[in-house]
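The values are calculated or read from the model by the stated rules, or taken from the named source; none is laboratory data. For clarity, every value in this text was computed on a predicted model and none was experimentally measured. Note that we place each Cβ from the backbone using ideal geometry, even for glycine, and neighbour counts take in every protein chain shown.
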Amino acid sequence: MLAPRRIFLAALGAVFLAAPLAAQDADWLDGSGATLQGLDKVNARISEIDAPRDKPVRFGTLEIIVRACKKRPPEDPPEAAVFLEIRDLRTPDAPAVVFSGWMFASTPALSALEHPIYDVWVLDCKNVSKSAAPKP
């Protein structure tokens, strides 16, 4: 019963958040990585995770790879969007992909990692710079 709900929420996020992200890409700033927060539900410990773009980082048995990080300029309402690939390495010979998609800092429940032991969410992008030439 959760799978249809998850598909619906992902589609809703794609329509309302990812479409404006692609349509107004020139307004977004690129980040060299992301600052994430992780929760180990067994120990109730929260950790801050610095994840550079395209380099795997570990959080418990999870391997997290940031593929893109976009942030709104300071004069716009705050928002950071990060495309993540997360694998569970509990079985090293066959790691399972547990999440692949966009996560948004302002709405972490919209596109969330569903894992029995860990939660991961976006805090911000790191080292942001203009992604395109300034508008005339």
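Numbers for the structure displayed
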read-out	value
Of residues in the stretch 29-54 being assigned to a strand (DSSP E or B) and among the small types (Gly, Ala, Ser), the one surrounded by the fewest Cβ atoms within 10 Å (Cβ to Cβ)	Ser47
Condition check for Val128: surrounded by 17 or more Cβ atoms within 10 Å (Cβ to Cβ), modelled with pLDDT under 90 and either more than 13 Å from Leu36 (Cα to Cα) or under 15 Å from the mean Cα position of the chain (by Cα) (or both)	yes
Yes/no for Val120 being touching a residue at least 24 places away in the same chain (Cβ under 8 Å), more than 12 Å from Gly33 (Cβ to Cβ), outside any loop (DSSP other than H, G, I, E, B) and under 10 Å from the mean Cα position of the chain (by Cα)	yes
Set Pro56, Pro73, Pro77, Pro92: member being under 24 Å from Pro116 (Cα atoms) and either of a type in the set (Val, Ile, Thr) or over 16 Å from the mean Cα position of the chain (by Cα) (or both)	Pro92
Residues of the stretch 61-83 classified as touching a residue at least 40 places away in the same chain (Cβ under 8 Å) and surrounded by 18 or more Cβ atoms within 10 Å (Cβ to Cβ), total	9
Selection within the stretch 110-123 - surrounded by 15 or more Cβ atoms within 10 Å (Cβ to Cβ) and more than 19 Å from Trp28 (Cβ to Cβ)	Ala112, Leu113, His115, Tyr118, Asp119, Val120, Trp121
Residue selected from the stretch 97-109 under the condition modelled with pLDDT of 90 or more and of a type outside the set (Phe, Trp, Tyr), by the criterion surrounded by the fewest Cβ atoms within 10 Å (Cβ to Cβ)	Val97
Test: residue in the stretch 82-102 that is within 19 Å of Lys41 (Cα to Cα) and part of a loop (DSSP other than H, G, I, E, B)	yes
